[in-house]
Structure formats: structure tokens, C-alpha cells
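The values are calculated or read from the model by the stated rules, or taken from the named source; none is laboratory data. What you are looking at is a predicted structure, and each value in this text was computed from that prediction instead of being measured. Neighbour counts are summed over all protein chains in view; Cβ atoms, including those assigned to glycine, are modelled from backbone coordinates with ideal geometry. Accessible surface areas use protein heavy atoms only, side chains included; no ligands, DNA or RNA. Shrake-Rupley method; radii C 1.70, N 1.55, O 1.52, S 1.80 Å.
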Amino acid sequence: MRKPLNHSAMPVAGYIEPWSVKAGASTRAHLSCVDPHASFRIVSLDRDEQEVAEWDLQRHSGSFKVRDFSLGSWVELPALPETGDAGWQFSFEFLPTQNDTRKTICVLGDLAVSIDADGHLDIATADGVHAFAQVSNERWYELSVSGSSVGLAATLVASARRTEIASVDFPGAAHKLGRICIGSDGSGEAKSFNGRIGRISLDAAGRQCSWRFPTRGPVERLGSVEDSALALTIHNMPTFCVASARFTAEVHDPRLEPSHFDAIHLPDDDFGGFDWPADLTIDIPADARAGIFALEVTTGQGTERLPFFVRAAKPSAALAFLVPTSTYLAYADERLPPVRYPWHGSDRGHLFSLDNGFLCLYDVHSDLSGVSLTSARRPRATLRDDYHYPLSNCPHLLPVDLQLLKFYAREGIDIDILTDRDLHDEGYAAVAAYRGLLTGSHPEYWSCDMMTALDGYLDAGGNLAYLGGNGFYWVVAYQGETMELRRVKSDIWSGRPGEAHMSITGEPGGNWEDRGLRNPQSYLGVTYLIMSFGPSRPYGRLEGSFSPEHHWLFDGIPDGPIGDGGTVLGGAAGYEIDALVRSQETPKNLVRLATADGFDDSFQVRPEVWLADGNVERETLRRADMTIYRHDGGGQVFCTGSVAWIGALPGPGEGNAVGTIMKNLAEGFSR
């Protein structure tokens, strides 16, 4: 379904791609704007005093406009020569999920098959609409339609037992094949079908063609088994590698039995990304500093800033801040429907997402299947320097991470930036020049390539500062601008049985602690345990922080709590917190430096964490741990164990213990 963007909540929306760019290169801005004559400029986001960058901006459109976009995935078959009086036969497999209104399942020229909310199938021909059959959700069927000089005929078979359910003839009906669409009527005027489609066959114009969906995807075009030039067009990025009519539940790995997963899932609110042309090209000077900048667009209705990330042309500092763009992308345009999640504040980005029907990796589709794919070609309306998370009524993600960069700039501490996507694309080479690598407040999503690069960095002696909580948790995969996640079992949403493997790489999804080898406890020394929007707490030093080996981190800190204030729920330890758990994988030389406890009863250890001593041990883990150890490569790994830590840094003209620790850390990790 194609429609104009609703700008009631935000006068400007769009994306910058690539959103990580080196000085001396260019990037492009793609915009939808209510004001044709809006003004624009480049500004910094990572300084207390905003800088205006006098960079070259090339305009590609005479004026801005409100753009449209499409929701809902569907498939279109290639055009074949006219069949004339010759007959044809078409068949495909389908499984309906939840459809709240009547939807088109397929269109073949003048014939259309549709389904209503109760599973009633109708067939529409030139002479009217005809009741055909009733089907059940979550069951596979095969629909066959044929045409000849005699007329049209349709047959429906239940796939499980190959039982014919219904058949009908339309003598004398026009049998011209025409355009063939599955999952939509192809007009863009109505919602598409919620369901799955499997194998497709077409015998027409003297040619036999069949299509089998691969387990690796997503792809936009798919050639037939017989002729790769006869390609399906696959619209709006459906989910590949899902259980098909051949799935028996005996094999869950599509690499072993691809035929069990040769289907795609078609939700009516799939979003494959905007297909807009660029409005602006932004040329980054070769001598531009590394930092976080934004395209600021000002209209008569308000101003919006679209962030992007500039890397140094060559590494220029001993430290680098690893921007967690995978987490940013996972959360981007989250709907947070208030009926499910009570709001304690508001934010225009979420209102914008609700107005336009956008979904993120934390949402479910209208048929209640989890959203497993997202594109960087999206508005990212919740990724702003002034973003306010409605569930916690405080900053989250980018505005928190900006506090670190502003603090270091204020203190005269040099730090480069690069994104985790750069780490994915370039591997260890992206970070080889840096002595210290600092994460953001919520580095939750990591690909296998990112993990491999981090392994190489630590093996080479690098220092890692994990400055957040719930980090290194979910497994993701990348293909171009697309990121994929399979949650498997989660209270956010659970995947369907047998569908834990990602289509982009074929590897298992889920979380890293279940994958083996890269359990965060083994290389960070802490494990994500608790999420709550209750009040954050300060840390108290432990004996290990006073040792000669680690006292340097705490030089200049007075006695008393560490982080008893902050922008994230009022303290340094909160929202999502990590702690040391008993494990044979824990580094033997790990030292607990400080801990935060005394949390209210809303902070409870997540139930899926297995503990040898059960609830007795569980109660002792209602805490956040600050830890450090020296790894085998020779460098050190420092962890704060809290999403709220960076938010507890001091503001301009202020000072506190958290700031002192972060200055000491920068000095120590720069050596």
C-alpha cells in the first residue's frame, strides 16, 4: 500500500546514507518535508556549543516535498508472451496468518482470489464474485488456476494430506493470463495479504517455469529454476528462510534441509526502506574533525536534525568511540503502542511512527509475527539529540552517548569516532590504530564480523571500555543497508519454531550467550541481568579499587557514592544493568572495583538466567558491577555494567566522581 508520509508529528523526516562517512568523502540526504523552501545547514551535535560547519552542500531538487512510501510485501511474476487460445496453468502454495479485512491473495489478469478475516476465499471474475472455500490460518494450501478456450478453473488442496478442498469451473470466462501478482492486487491502493507463500509454478506460452525461494535473502529478484532471466520481483523485503509446507520439525537448520524453509513471510506492514532520490549531497572536507554531526532542516512548523557520523580521514587519536549504530537501527522508529507499554512521557518520534505505521525490531507485525528485518533507508525519527524515551521519561541512546563526547571535548581529551558498522565492514583494520576502544551506553546488537574484529583487537593488545549495560547481547547480520535479527525466544517477541537461523548468513540468531564461545561473561566479565525503569543507584567502591594495580582509575575521587545523579533515571547504575555471575568462563583475574545495590523491587534478575543456588543467589545479583581485568593480549577490559553510566557524567562547569573516573580511564587507556 503506497501513501504519502504523515508529517503531523514531525515537519521533516528522512535519512542520510551512508550515515558513517570519512572526512574527504561524501554522503547523501533523502528528505520528505512539509516546507518546499525549508532552510538547511550542517551542525555539530557533540559539543556544548553548537558548531555550524561550512561544508559544500549540493542541491539536487528545486524544492522539498512530502514524499510517499510503501508498506506491505508482495510478489510479481514476470510478463510472458500472450498465450492466445493456448491454455495455461498456474499454482502456488500459501499459508494465511491474521487478516483483519478482506485481502487479495493473488491476481491473474481479470481473475482475483481474496480472503476475509474468517478465512473465506472468493474468486472474482469478469462476471462477478463467487464464494470458493474456507481455509484456516497457519495451514498450508496449494491453489491451482488454469485457463483455456473453454474457460477458467480453480482447485484448492490442503498441503498436509494432499486433500482437495474445493474446485470450481467458470465456463466461457475470459482466460487471458495478464499480470500475475501474489499477496497484493499490485495497485498500491489496498493493504496486502498477511501470510506466507511457497513454491510457484506457471505453464504458459509453451514454457514451464517454477520458482523456489532460497533460504538466503532477502532478495528483490528471483529467477526461475529453468531460466534465471525469468525473474520474480519481490517487493518491500519480506522475511526469507521461514518454515514451508515441507517443514516437519525434525530439522531446524535450513543449511541441512533447504526445502523445509523455501518460503517467505508477507506481512501487510513490511517496510523495505524508502526509495526516494537524494535531495542533497554533503561533501565532507578532508580536514574535518571526527564527530557526530547533523543536517539541520528548518521549516515554518519546526526544526529537525538528522544525525550522521564523520570519521577522521586517518586515525588521529589514541582513543576511539564506537558508535552503536546497530542498536540505534534496532530501536529506530519504535512504535511503543501505549496499550502495551505505559508511557511516562512523550516523544514526537514515536508519534510519527504510530502515524505512519512504521515498525522496528522491537515491534510485531499486524499478524503478530516479529519484525526481523530493518533497513537503514528509514526515517530514524527516534534517533535524535533531543530524543526522550517515553517508557523511562528520560534520554536514551544517542543523547546519552553525546554526553560522553561533549564531556571529553570539554576536558580537552581527543577521541575519534567510528561506528560498529565500520567494524563489521572493515574488521580489525578499522580499530587497529587505537590504544583504547570505548563503547556507547547500549551496545546491544553485534554481528559475527564485529565480534571477530573485536577478538583481533584484543589479541593485539587493545584496551576495551564497555561503558553500558545489556551489551553484546543480540546476534545480527548485515546485507547492504539491511540488518536482520532472529529473537528466537524472548518477551519482546518470539520467533516461530524452527526459525532461529538468519537468512542473510544462515547462522543461528538469538543472543550471544546462547551461541557459545562469545558469552559476554567470558570476555567482558559481566552478564546482563536486569531491566527496570525504577530509580537508578550510585556505586560504592570495593576493596579491589584500592589495590595498587587499579587505584589509578579512582585517583582524585573523594569518599562517598559514585554517580548519585544523572540524566538516566537519576543515577549512574540503572535501566539495564550487568553483574558478575558465577561461571567457569569468567576471567580468573577479574576484579570487582565497585558495585551498585539497594535497587527497588522492580529490579529483578531475568528469569532465564540459570543459577546454581536458585533464588538465594538470584537475590544477591540485584546489583550492577564495575569490573576490570587484563586479558591475554595484554590490554585491559573495563566494564561499568550500566546503561545509565554515561548519563551520570557532569555537565558544563561541573565535576563529579564519574567524570574523574572517565578522565583517568582516557589517560590510562591512551598509553
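Around the Cα centre of the range 420-524, unit charges on the Cβ atoms of Lys, Arg, Asp and Glu (plus for the first two, minus for the last two) sum to a dipole of about 260 debye. The length gained on full extension between D283 and T298, counted as 0.36 nm times the residue separation minus their Cα-Cα distance, comes to 3.4 nm. In this rough spin-label picture, where each label sits 7 Å from Cα along the Cβ direction, the E411-D100 distance is 5.0 nm.
To make sure I understand the rule: partners must be lysines, Cα under 19 Å from the Cα of K406, and not fewer than 8 residues away in the same chain. Which ones qualify? Answer for K406, where 19 Å is the Cα cut-off: K663, listed by chain and number.
Counted residue by residue at 0.36 nm each, then reduced by the alpha carbon distance between them, the extension gain from A433 to T452 reaches 5.2 nm.
Across the options N664, A286, A86, the greatest Cα extent toward the positive end of the charge dipole of the chain (unit charges at beta carbon of Lys, Arg, Asp, Glu) belongs to A286. Averaging Cα coordinates gives a centre for the range 320-358 and one for the range 580-637; these two points are 29 Å apart. Counting only chymotrypsin sites (Phe, Trp or Tyr not before Pro) that DSSP places in a loop and that have at most 16 other Cβ atoms within 10 Å, the longest clean stretch of the chain runs over 56-342.
A simple spin-label model places pseudo-atoms 7 Å from Cα toward Cβ; at K314 and V150 they are separated by 7.9 nm.
Computed from label points 7 Å out along Cα-Cβ, the spacing between K489 and E543 is 3.9 nm. Share of carbon and sulfur in the accessible area of the range 384-461 stands at 43%, probe radius 1.4 Å.
Sites listed here are trypsin sites (Lys or Arg not before Pro) in the range 555-644 whose DSSP assignment is loop and whose Cβ has at most 15 other Cβ atoms within 10 Å: R582, K588. Residue-wise HN-Hα couplings along the range 627-632, as the Karplus relation 6.51 cos²θ - 1.76 cosθ + 1.60 with θ = phi - 60° gives them from phi, are 9, 7, 7, 9, 8, 5 Hz; Gly and Pro carry x. Summed over qualifying helices (DSSP H, 4 residues or more, each -39500 (n - 2.57)) and divided by its residue number, the chain shows a 222 nm mean residue ellipticity of -3000 deg cm²/dmol. Classify the range 71-143: rounded, prolate or oblate, from the alpha-carbon gyration tensor (a ≥ b ≥ c, eigenvalue square roots; a/c under 1.5 rounded; otherwise prolate if a/b is larger than b/c)? Because a/c hits 1.5 or more and a/b exceeds b/c, the range 71-143 counts as prolate.
Between E82 and L368, the C-beta separation translates, for a Förster distance of 45 Å, into a calculated FRET efficiency of about 0.60.
Exposed loop sites, defined as GluC sites (Glu not before Pro) outside DSSP H, G, I, E and B with at most 15 other Cβ atoms within 10 Å, are absent from the longest region of the chain, namely 251-410.
Can you find, among L354, V339, V400, the residue farthest towards the positive end of the dipole of the range 306-424? Put +1 on the C-beta of Lys and Arg, -1 on that of Asp and Glu. After comparing all options, I get L354.
Apply the a/c threshold of 1.5 to the C-alpha gyration tensor of the range 227-335 and tell me whether it is rounded, prolate or oblate. Taking the square roots of the gyration eigenvalues as a ≥ b ≥ c, the range 227-335 is prolate.
Charges were assigned to the Cβ only: +1 to each Lys and Arg, -1 to each Asp and Glu. The resulting dipole of the chain about its Cα centre is roughly 240 debye. On the basis of the beta-carbon distance and an R0 of 25 Å, L391 and V609 show a calculated FRET efficiency of 0.65.
Taking K176 as the anchor, which aspartates and glutamates have their alpha carbon closer than 19 Å to its alpha carbon, excluding any fewer than eight residues away along the same chain? K176 reaches E76, E82, D85, D110, D127, D185, D203.
Charges were assigned to the Cβ only: +1 to each Lys and Arg, -1 to each Asp and Glu. The resulting dipole of the range 279-346 about its Cα centre is roughly 280 debye.
Counting only protein heavy atoms and using a 1.4 Å probe, the accessible area of D127 comes to about 120 Å².
Atom-type composition of the exposed protein surface of the range 166-237 places 46 percent of the accessible area on carbon and sulfur (1.4 angstrom probe). For H350, neighbours were defined as the other residues whose beta-carbon sits under 10 Å from its Cβ, and their charges (Lys and Arg +1, Asp and Glu -1) total -2. Subtracting the Cα-Cα distance of S602 and S136 from 0.36 nm times their residue separation leaves 163.6 nm of extension gain.
Once all protein chains are placed together, C448 keeps about 40 Å² accessible to a 1.4 angstrom probe. Rounded, prolate or oblate: which fits the chain, taking a ≥ b ≥ c as square roots of the Cα gyration tensor eigenvalues, rounded meaning a/c under 1.5, else prolate when a/b beats b/c? The shape class here is prolate. Residues within the reach of a label modelled at A160 (point 7 angstrom out along Cα to beta-carbon, backbone nitrogen below 15 Å), restricted to the range 114-143, are 135-142. Placing unit charges on each Cβ (+1 for Lys and Arg, -1 for Asp and Glu) gives the chain a dipole about its Cα centre, and among Y434, V168, I234 the Cα reaching farthest toward its positive end belongs to Y434.
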